[in-house]
Amino acid sequence: MKLSHKQIEDLSKQFGSSFYLFNVNKLRHNYRKLHDAFKNRYPNFIIGYSYKTNYIPYLCKEMYSLGAYAEVVSKLEYDLAVKIGVDPKKIIFNGPIKSFEDIKTALENESLLNIDSLYEMDHVIAYCLDNPERQVKIGIRVNFDLSESNKSVLQAGYEKSRFGICVANGDFGSALIKLGKIQNIILAGIHAHFSTNERKVETYMEVTKKLCSLAKTHMCDTIEYIDIGGGIYGELPPEFGVQSPSFDDYASAICEVINNEFPYKNRKPFLILEPGISLVANVFTFIAKVIETKRIDDQYFVVVDGSVHNIKPTMHKRNLPMKIFYHQEDTQKNLHYHIVGYTCMEKDYLAFGVKGKLPNKNDFILFENVGAYTIVFNPPFIKERPSIIAYENNTYLEIRKKETLREFFHEDLYLFP
Ligand SMILES: *Cc1c(COP(=O)(O)O)cnc(C)c1O
């Protein structure tokens with residue numbers, strides 16, 4: 001779809017001077033590409049879409065229609081999945097904090113429950129002792145070392161991941177012994193998820209191999225799924241200048257490992273992948289109207305009705321790929337300028353040191369690749385959060401309205417004295 005200034009102006013009259021656009025066809029394209037890459041090489045394959053990456057209900061429902069399970073990391077996300085009609089048997093319940101009640105709900109609904117800590121194991125055991133007539137299945141998230149020649153591969157350089165049950169110190173082994181004593185617990189799954197810097201194919205091969213080997217050693221008769229988590233790269237904008245592996249690269253390496261580990265046709269556990277960023281990052285754009293362009297000494301500041309919070313809440317320094325829609329094509333000089341937002345923070349830069357034709361009042365700036373960890377991280381700070389518009393072919397549907405004072409300060413929540 002090629003947008004024009006006129007089209008954006010029309011949309012902005014309807015939906016506000018800044019808004020997100022969600023490209024539904026592109027999401028379907030990403031999903032099918034990822035799905036087919038794995039499914040063609042390993043038929044027992046399941047995608048569990050990571051809700052926290054972007055949990056707009058309309059998007060989650062579309063994922064479910066495409067065939068994805070819901071991968072949730074809180075009871076709130078769990079309840080959202082149920083609310084939009086996801087079969088609880090297709091919910092994967094992860095995350096570091098689960099109460100006894102959460103665990104009970106997941107077990108009774110036969111969701112895929114991956115326990116993250118020993119205290120969660122104790123909740124499961126308590127439930128099973130209370131309900132001896134019920135057989136329950138659980139998965140265990142494990143923690144093992146991925147570092148390469150003593151160098152951490154984890155994001156931000158953390159030495160250890162804090163998630164899962166540690167294999168090396170014997171916690172995993174003692175958990176297995178404890179769980180083994182309970183008649184009605186079946187160890188059906190093994191899980192890991194690592195956020196690494198480089199999202200390398202080799203890392204996923206290692207994770208897959210380790211999980212398969214633990215499963216074969218400790219859950220040989222009961223293993224139903226190997227869940228290797230998320231974190232893979234999707235298609236990146238060329239502007240990022242990163243040579244990232246394709247879905248086929250990941251799939252061929254990972255599937256080769258699991259096919260070797262489980263060579264017999266009738267004994268192939270499900271392989272679960274939990275993608276977030278790779279499915280949704282490039283299907284959202286954010287459009288903001290230019291309110292004014294001002295000059296401070298010799299620098300130009302383009303003030304837009306948006307904020308860095310809308311497009312990169314982590315405030316990293318890289319400029320996103322952008323398109324500018326000028327309301328009149330004229331002859332401005334090429335200059336350096338900054339794009340800054342509506343908040344009162346000095347650091348509210350949507351882009352820094354951009355070179356090109358200076359945008360002006362009533363132009364629009366479109367920021368690409370804002371689908372992951374943006375909308376969910378957008379704080380209710382100073383202004384109402386903008387609307388979100390899904391488009392498909394030539395139809396536009398408002399899937400989240402712009403907030404108003406009423407939702408911002410919800411009267412059920414706040415006391416208005
Ligand atoms: C966040 C998360 C994911 C998704 O990670 P992405 O980097 O968005 O692909 C998958 N699984 C678990 C357990 C997570 O916490």
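State the volume of the convex hull built on the alpha-carbon positions of the range 231-304, expressed per residue in Å³ and rounded to an integer. Present the calculation step by step, with values, prior to reporting the outcome.
Working: hull volume 9.3 nm³, N = 74.
Value for the range 231-304: 126 Å³ per residue.
This model, with +1 at the C-beta of Lys and Arg and -1 at the C-beta of Asp and Glu, gives the chain a dipole about its Cα centre of some 600 debye. Note that the chain presents 49 Å² accessible area per residue, ligands and nucleic acids not counted, probe 1.4 Å. Using a probe of 1.4 Å on the protein chains alone, the accessible area found for Met322 is around 50 Å².
Put Arg406, Arg41 in order of accessible area, largest first, 1.4 Å probe: what do you get? Write out the running numbers ahead of the final one.
On the way: Arg406 165, Arg41 85 Å².
So the residues, ranked largest to smallest area, are Arg406, Arg41.
Taking all protein chains as shown and a probe of 1.4 angstrom, Glu120 keeps an accessible surface of around 0 Å². Give the distance, in whole Å, between the Cα centre of the range 71-139 and the Cα centre of the range 204-265. Going from one Cα centre to the other spans 24 Å. Checking the Cα-Cα distances for Lys75/Lys312; Lys181/Lys268; Lys26/Lys151; Lys160/Lys355; Lys33/Lys98; Lys26/Lys90 against a 31 Å cut-off, the pairs over it are Lys26/Lys151; Lys160/Lys355; Lys33/Lys98.
Taking all C-alpha pairs of the range 188-318, those more than 17 Å from each other amount to 68 percent. When all protein chains stay in place and ligands, DNA and RNA are ignored, the 1.4 Å accessible-area order of Arg295, Arg199, Arg318, largest first, is Arg295, Arg318, Arg199. Placing unit charges on the Cβ atoms only, positive for Lys and Arg and negative for Asp and Glu, gives the range 94-275 a dipole magnitude near 500 debye about its Cα centre.
Given the DSSP H assignment, sum -39500 (n - 2.57) over each helix run of at least 4 residues in the chain and divide by its residue total; what's the result at 222 nm in deg cm²/dmol, nearest 500? If you can, show how the numbers build up before the last one.
Numbers: 12 runs with 123 residues, N = 417.
After summing the helix terms and dividing by residue count, I get -8500 deg cm²/dmol.
Partners of Lys289 within straight-line reach, counting aspartates and glutamates whose Cα lies under 16 Å from its Cα and excluding those fewer than 8 residues away in the same chain: Glu9, Asp10, Asp305, Asp348, Asp363, Glu368, Glu384. Result for the chain in a Gaussian network model with C-alpha springs under 10 Å: among Pro263, Pro386, Pro245, the largest mean-square fluctuation is at Pro263. For the range 1-71, a/c is not less than 1.5, where a ≥ b ≥ c are the root eigenvalues of the C-alpha gyration tensor, and a/b tops b/c. That puts it in the prolate class.
Altogether, the Stokes-Einstein calculation at 37 °C and 0.692 mPa s, with the Kirkwood radius of the range 94-275 over Cα pairs as Rh, returns a diffusion coefficient of 189 µm²/s.
Top to bottom by accessible area (1.4 Å), largest first, where do Cys255, Cys166, Cys344 land? Provide the component values of the computation, followed by the final result.
Details: Cys255 0, Cys166 40, Cys344 120 Å².
Ranking Cys255, Cys166, Cys344 by accessible area, largest first, yields Cys344, Cys166, Cys255.
May I ask you to give the percent of accessible area on the chain that is carbon plus sulfur, with a probe radius of 1.4 Å? Of all accessible area on the chain, carbon and sulfur atoms account for 51 percent. Per residue, the average separation of C-alpha pairs within less than 8 Å and at least 6 apart gives the chain a relative contact order of 19 percent. Can you work out the base-10 log of I(q)/I(0) for the chain at q = 0.08, 0.10 1/Å, using the Debye formula on its C-alpha atoms alone? Values returned for q = 0.08, 0.10 Å⁻¹ are -0.51, -0.76. For the range 333-374, the list of trypsin sites (Lys or Arg not before Pro) that fall in a loop by DSSP and count at most 15 other C-beta atoms within 10 angstrom reads Lys333, Lys347, Lys361.
To the nearest 10 Å², what's Tyr342's accessible area with a 1.4 Å probe? About 50 Å², rounded to the nearest 10.
Could you grab the relative contact order for the range 94-275? Cα pairs under 8 Å, six or more apart, rounded to a whole percent. All intermediate terms of the calculation are to be shown ahead of the outcome.
Details: 278 pairs, mean separation 33.8, N = 182.
Rounded, it is 19 percent for the range 94-275.
The values are calculated or read from the model by the stated rules, or taken from the named source; none is laboratory data. These numbers were taken from a predicted model, which means no experiment stands behind them. We place every Cβ from the backbone using ideal geometry, glycine too, and count neighbours over all the protein chains shown. Keep in mind that these areas ignore ligands, DNA and RNA; they rest on the heavy atoms of the full protein, side chains included. Shrake-Rupley method; radii C 1.70, N 1.55, O 1.52, S 1.80 Å.
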